[in-house]
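A short reminder: the numbers here are calculations on the coordinates, not readings from a lab. All figures in this text were calculated on a predicted structure; none of them were measured in a lab. For neighbour counting, all protein chains shown are included, and Cβ atoms are generated from backbone atoms with ideal geometry for every residue, glycine included.
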Amino acid sequence: MNRENTFKSSLKDSLQGYINEKQAVGYSFAKGISMLRQFDNYLCSLPQNTTELTKEIVLEWTKRKSFEATSTQLGRISLMRGLAEYMSRIGKKAYICPKSLVTVNRYSYTPYIFSKKEIASIFYACDNFPASKESPNRQIILSLVIRMIYGCGLRISEAVNLTISDVNLNEGTIFIKDTKFGKERLIPMADTLKKRCREYSILVLTGKSDTSYFFPSPFGGHYKSNTIYGLFRKVLWAAGISHTGKGPRLHDMRHTYAVHCLKKWALANRDMTNCMPYLSAYLGHEDLRGSQRYLRLTADLYPDITSKVEKNCSWLIPEVNWHETY
């Protein structure tokens, strides 16, 4: 047993067993472990020990605090549901939270869609980003990562986790695996991006036998998502694009890719009914609903092409607010 995961409450065996099960199927479960430690401390603070995961305990521990977001509360509820289901499978009594106990408004965020001029300014700022003694290839890596996110609609986690073998420089394709929804996909790159990848490989990866990552960190492993996000905020300032804690965000580059793609199709009078499945597959969405919301955003941002969008695909446009589609 990992000493760091040692629990002390009356449910300690169930907590550790749940962790073991999650890790056995490939989850690191780091955040879950941290939350279970908090839950274990809560159980130890109760006046009476119990070998059951009762409804009263679950509802009290998952109660929303005045200072936290509903999504944070939902994380605790989801964890308790998973723990209860595990305990039930091994024959222990546990209250399983109904999935409708709390719902989160997933449509509250409106992404920032960069203009073509702003995208050009971002690329210029990346190309002229200051060098770093600790990370001599930082500006080269940053420049290509940002272009990949926009040019291929990638999630930042998908980009930084790429291995050298995932990027086929001859075919000009990127193999995306271990994604959010388990949607492995092979993405073709534009010729300009393929050329940049080849130049990047010569500059950064030649002779790098100590790494398998396409974007290697000088400290081992690969560049982290948070590191790229922090650098992106500096890029926005350099590009003259003001931002706050609410955005624009790095993930908005992915949203921008989708909207720009739809705008191009609409102006070319493409049949959106046929095009949408391709966009959904390209972005790695779980289903078409994730991509359909880009249609409404495209129509809202570009009123001059609204008639084209609605003519070709009005039945596809959902009457909902925006969902931050990852």
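Taking chymotrypsin sites (Phe, Trp or Tyr not before Pro) across region 29-72, the ones in a DSSP loop with at most 15 further Cβ atoms lying within 10 angstrom of their Cβ are Phe67. Which of Lys22/Lys177; Lys31/Lys177; Lys12/Lys63; Lys117/Lys195; Lys22/Lys63; Lys31/Lys116 have a Cα-Cα distance over 27 Å? In this structure, Lys31/Lys116 exceed 27 Å between Cα atoms.
Sorting the segments 256-269, 188-201 by their mean number of nearby beta carbons within 10 angstrom, highest to lowest, gives 256-269, 188-201. Mean silhouette area of region 115-216, derived from the convex hull of its C-alpha atoms and averaged over all directions, reads 7.1 nm².
From the square roots a ≥ b ≥ c of the eigenvalues of the alpha-carbon gyration tensor of region 233-280, which class results: rounded (a/c under 1.5), prolate (a/b over b/c), or oblate?
On the way: a/c = 4.30, a/b = 2.68, b/c = 1.60.
In terms of gyration-tensor shape, prolate.
Within straight-line reach of Lys133, meaning a Cα separation under 20 Å, sit the following lysines at least 8 residues removed in sequence or on another chain: Lys208, Lys224, Lys234. Legend: calculated FRET efficiency, Ala120 to Thr206, from the Cβ-Cβ distance at R0 = 35 Å, rounded to 0.05, equals 0.75.
Taking label positions 7 Å along the Cα-Cβ direction at both Ser135 and Lys92, the computed distance is 4.2 nm, reported to one decimal. In plain terms, the C-alpha convex hull of region 1-72 casts an average shadow of 5.7 nm² when viewed from every direction. Model label points for Thr163 and Asn274, set 7 angstrom from Cα along the Cα-to-Cβ axis, are 3.8 nm apart. Note on Trp237 and Tyr42: their simple-model spin labels are 3.9 nm apart, each label 7 Å out from Cα toward Cβ. Legend: translational diffusion of region 32-136 by Stokes-Einstein, Rh = Kirkwood radius over C-alpha pairs, 20 °C, 1.002 mPa s; D = 121 µm²/s.
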